[in-house]
Amino acid sequence: MQANPIARLGNTGLSVISDLGRMGLYLLQMIEGCFRPPFRFAEFMRQLNFIGVGSLVVIFFTAASTGMVLGLQGYYSLHKFGAEGMLGSAVSLTLIMELGPVLTALMVTGRAGSAMCAELGIMRISEQIDALDCMAVDPFRYLISPKLLAALISIPLLTAFFDVVGIAGGYIAGVQLMGVNPGSYFEGMRNSVTNHDIWLGTVKSFVFAVMVVWICTGRGYFVHQLRGVGFGAGSVSKVTTQAVVFSSISVLIFDYLLTAVLL
């Protein structure tokens, strides 16, 4: 017998609350696993290579194209007011405070976050995680915490790399192509960027690193308990899509919240 709309609404609400509680406890266990010996250095280095080094190419091209577009659009807007000398300030502040952390997190989510979710989802449906539990091996310390530590190092460094490449791209577009004075480009950047701006971008990158690993690994880890995705090969594709979407939306929401609180 089909449930009435009120019952369906109640079931959905209970499912959402249960999912939030489950993910909250998962976050605490994931962080706790980082401090529980022994430390898996080899797995940490493998994840550092996968998340960090493996994302350099996509971060480079994203940063270069973003910086060049900012250089062209900034020149077009500032030229109307005769303020082309402020191009360096506009490009650097936009990248350091906003686009650098956000786009880096989104690119890492699409490339590495989806892979982490699919990996844990496949391990769950093939009962490999259950086998670890049976052998008294902590799956958080063994599988998940090395990913968190690697992301906490990789994503801030990738963000800094994004900022440098993006500023260079803005220089190429604004100075080399549009003829802005190179001295005014760097002088505007030096006078406008403060330690607080750099600190804000760094804090965002650390928060986004935790969120990406938390959501992406959590969806894969709990694939067998999620409502409406089933259990099997098809469920892994569904939760991977969910993980990328939820992580991307969360990054955008928390970008605004962090900016409103810390700016």
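Rule-based calculations on the coordinates, nothing more; no lab input. Values in this document were obtained by computation on a predicted structure and should not be read as measured data. Methodologically, a virtual Cβ is constructed for each residue, glycine included, from the backbone with ideal geometry; neighbour enumeration extends over all protein chains shown.
Worth a mention:
- At full extension, residue 178 and residue 206 could sit 6.5 nm farther apart than now, given 0.36 nm per residue minus the alpha carbon distance.
- 0 to 90° range, to nearest 10: angle between helix 233-262 axis and the chain longest Cα axis: 50 degrees
- Which of 42, 90, 183, positive extreme of dipole for the chain (C-beta unit charges): 42
- Shape annotation for segment 1-107: C-alpha extents along the principal axes are 68, 49, 21 Å, from largest to smallest.
- Going by neighbour counts of Cβ atoms within 10 Å, the residues 36, 141 line up, fewest first, as 36, 141.
- Along the axis of the charge dipole computed for the chain (Cβ charges of +1 for Lys and Arg, -1 for Asp and Glu, origin at the Cα centre), the listed residues 210, 26, 252 are led at the positive end by 26.
- Least to most buried among 89, 77, 114 (fewest other Cβ within 10 Å first): 77, 114, 89
- Straight-line cross-link reach from residue 238 at under 20 Å between alpha-carbon atoms covers these aspartates and glutamates, not counting any fewer than eight positions away in the same chain: 19, 119, 127.
- Residue with peak Gaussian network fluctuation, the chain [Cα springs, cutoff 10 Å], from 186, 41, 162: 41
- Residue order for 66, 202, 12, fewest other beta carbons within 10 angstrom first, comes to 12, 202, 66.
- Taking Cα atoms only, the orientation of helix 5-33 departs from the longest principal axis of the chain by about 70 degrees.
- Note on segment 54-131: semi-axes of the ellipsoid equivalent to its C-alpha gyration tensor, largest first and rounded to whole Å, are 42, 10, 8.
- Taking a straight Cα-Cα cut-off under 16 Å and skipping sequence neighbours fewer than 8 places away in the same chain, the aspartates and glutamates within cross-link reach of residue 204 are 98, 163, 255.
- Counting Lys and Arg as +1 and Asp and Glu as -1 over every other residue whose Cβ lies under 13 Å from the Cβ of residue 50, the net charge comes to +1.
- Cα convex hull volume per residue for the chain (Å³): 164 Å³
- The slack between residue 19 and residue 252, meaning 0.36 nm per residue of separation minus the straight C-alpha distance, is 81.8 nm.
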